[in-house]
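The values are calculated or read from the model by the stated rules, or taken from the named source; none is laboratory data. This is a predicted model, so every value here is computed, not measured. Using ideal geometry, Cβ is built from the backbone for each residue, glycine included, and neighbour counts are taken over all protein chains shown.
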């Protein structure tokens, strides 16, 4: 029996039951449960608390930071370097390893905070009826069937079916995303009603803003809407695009370097007959060729991205999110407060039976009149005089409004038009009827300065029209009521997604019994006010810029589909079909949903589960999805998205903790700035990786060929480490400081099939690496064959490789722009680091003590000139490729020539991600 009770409680559509039906189903009444029955149900249903996910032990989290192939090889290299006696190099390797482990550990430790923030929404205590007596108990002891008492300021402790509601308003924005407080009632609604339309349910974690009521508990703990969100927040985000690329690249690079080292060892041992020397050369080659600086380059580049994004009001909470922002192909944006201003504004008015007109054209500053016509003024005045909005004026004269969103909008419109004076607002109220869902209107009777009384009514247009017998035109003249004309204007405004309020007024004859006017009648219809949450400034342009950057924007909101469509149209969102709704999604397969999402850019009346499903469906199609949100309802989607973006001003703690990025200004425009910085970051990472791999390829080829060719040892092991220190030690990190060129948003996101380097860069790695290795080997061989001292020949080859790397670093600043097209001072750190590296190398050559340790000899000025001239030749390949591509693009061609096919063939052979 217990199991059937639990199942019945979970399966019932409580909002579709009448009050008596709900009480009967739960076997309770208005006196509440008995203490014994409550205890029995507590044992059956369990405590009213959210489940906590199992946390990963800290020690296990720490060990996982050392499991990647590149890190494993670096650990081995570090240990071998210690045995070689190169403690400084070993120390540098282990510092990189520890730094990355700390960063990874800290970031992953944040994962559980979203769940902790959710549990903070639980109410600690609550007032209930038990055995007919009101009492306060721990909210954790609530059970289905308990009768909860609500009043203003309470946090709802469980999901309740309301049985009484007196002026009850509840802020449900954390669940529905709607900024306006929900007016609650007790009437049953349709079974398939969306979450925001279940006006007879008070949801756990929401806040009572006004009024009072009673509700019977229908769900506790994990069975509540908040509990379902808690379960969804435990979903795993998975690896970011950059993490996936790096995982493949690390494996490929590690395998390639080890294979070359084994080849060098075996070949050297067989050909030279000296296994010990061959082993030392192989180990030195691994240490010199392994791009161990790549992890710290990534960290530096992303840390710089964090700093740059902070300047644009985007606070990054997870480092990988910096680059992922640059990869996104879809932005699933919340509407309220992100795309819109999060405040209702009167956009259009209809006076009497006329057609809709833009309010800005009728008020001061508009294109027609310097002041509103008499009929418009009367309409705005009446809307402000039956109004509960509170005004507060600061020392600078700026007025701020608080209260109901509709009341604030109508009050603001009247004030800005000068339609109502402070004396009129302060006029005594003789009789007032607040808005009630059952009445569909509010009414106020005010006493004017001359002692006369005027009645004002505002509310649902049909309800207000039913009270009217006449109407007023724009000049203030009374006319017979034309209900058809009013309905036509009402429908026209509704199609545009406006929330429409009807307004009426009439004088009250002196001596009348005011109670007889409590139910308004014989009113004069003044007109309609249509309001909307207006778009934020610059959002439409930001959406257009996103489209130019290959990023599609989808608006995901809890609003009514018509309202959402109207906002979407204003924002320029492209849709070939109607707005997708949560109820429509219920019967859709994932394949149909994916097709539907390709047709529309608007999803309305969606639940947290719907929003999460949209994100997961898009990701299953290969999209990189960023999601914005501010409420608890957004937390599952924020957690599952490739990048979760929370609002800093209006966002809940739950949303912020589930996110990767927090916008301090709640503005969608900020996202486009963040996307640009994400692309700048990846370009910098790619440039550093290209430099590291090109120089590593040159070293591997030169040393490998040298050993197999049975030539004198090209470089001593210590010289290999010196190359690693001088050429790669600072320049690769300095490339991470490369700023953007301002064109990042003029191209689509990089192809998902691209790895750490593009096909073009992989081919440059091969060609430039081969050219540099060939030049170094030829110079060394010619020098030795002409009788040059072996130490000087090695120094000459070493210097040439250092200069090669200098020019490759300069070229690596941009994949497409020539060196001469870049400002040499835009990355001062790189220029300085490269010059310092050359100076250190020159100092080592001419400082006898260090030269003796490294086995180097001084070079003449002519020898320096020779190295410089040959070093410049690498630019023929690096910069020549860029120039050819620019010329082809300038003439409207894409580089699908033999050169491009060669690029692709070389890249396919070299790309380590495919190994």
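What to note about this one:
- Some residue of segment 200-211 being over 25 Å from residue 609 (Cβ atoms), assigned by TED's automatic domain parsing to the domain that holds residue 15 and at pLDDT 90 or above: no
- One residue stands out among those in segment 1-19 that are touching a strand residue (DSSP E or B) at 6+ places or on another chain (Cβ under 9 Å) and either surrounded by 14 or more Cβ atoms within 10 Å (Cβ to Cβ) or at pLDDT 65 or above (or both): the one that is farthest from residue 196 (Cα to Cα), which is 9.
- Residue tally, condition out of contact with any helix residue (DSSP H, G or I) (no Cβ under 8 Å at 6 or more places or on another chain) and either buried (at least 21 other Cβ atoms within 10 Å of the Cβ) or outside any helix (DSSP H, G or I) (or both), over segment 774-802: 3
- Any hit, segment 890-898, residues being assigned to a helix (DSSP H, G or I) and modelled with pLDDT of 85 or more: no
- Of all residues making up segment 638-656, the number that are more than 19 Å from residue 755 (Cα to Cα) and buried (at least 24 other Cβ atoms within 10 Å of the Cβ): 12
- If you check 417, 382 for being within 39 Å of the chain's Cα centre (by Cα) and closer than 19 Å to residue 503 by Cβ, only one passes: 417.
- Subset of segment 669-695 (residues that are surrounded by fewer than 24 Cβ atoms within 10 Å (Cβ to Cβ) and either in contact with a strand residue (DSSP E or B) (Cβ under 6 Å, 6 or more places away or on another chain) or under 22 Å from residue 799 (Cα atoms) (or both)): 670
- Test for residue 657: is it modelled with pLDDT of 90 or more and not assigned by TED's automatic domain parsing to the domain that holds residue 180: no
- Residue count, segment 392-426 (criterion: in a loop (DSSP other than H, G, I, E, B) and either out of contact with any strand residue (DSSP E or B) (no Cβ under 9 Å at 6 or more places or on another chain) or without any contact (Cβ under 8 Å) to a residue 40 or more places away in the chain (or both)): 11
- Looking only at residues in segment 725-744 that are part of a helix (DSSP H, G or I) and at pLDDT 70 or above, the one that is nearest to residue 795 (Cα to Cα) is 731.
Yes/no matrix, rows are residues, columns are (1) modelled with pLDDT of 90 or more; (2) surrounded by fewer than 17 Cβ atoms within 10 Å (Cβ to Cβ); (3) at positive phi; (4) not assigned by TED's automatic domain parsing to the domain that holds residue 730:
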{"site": "804", "(1), (2), (3), (4)": "yes, no, no, no"}
{"site": "807", "(1), (2), (3), (4)": "yes, no, no, no"}
{"site": "812", "(1), (2), (3), (4)": "yes, no, no, no"}
{"site": "845", "(1), (2), (3), (4)": "yes, no, no, no"}
{"site": "852", "(1), (2), (3), (4)": "no, yes, no, no"}
{"site": "858", "(1), (2), (3), (4)": "yes, yes, no, no"}
{"site": "861", "(1), (2), (3), (4)": "yes, yes, no, no"}
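- Test result for residue 774, assigned by TED's automatic domain parsing to the domain that holds residue 711 and at pLDDT below 90: no
- Wholly within segment 539-654, strands (runs of 3 or more DSSP E) carrying at least 1 residues that are without any contact (Cβ under 8 Å) to a residue 24 or more places away in the chain, in contact with a strand residue (DSSP E or B) (Cβ under 7 Å, 6 or more places away or on another chain) and within 30 Å of residue 747 (Cβ to Cβ): 643-647
- Test: residue 769 is closer than 27 Å to residue 245 by Cβ and in a loop (DSSP other than H, G, I, E, B): no
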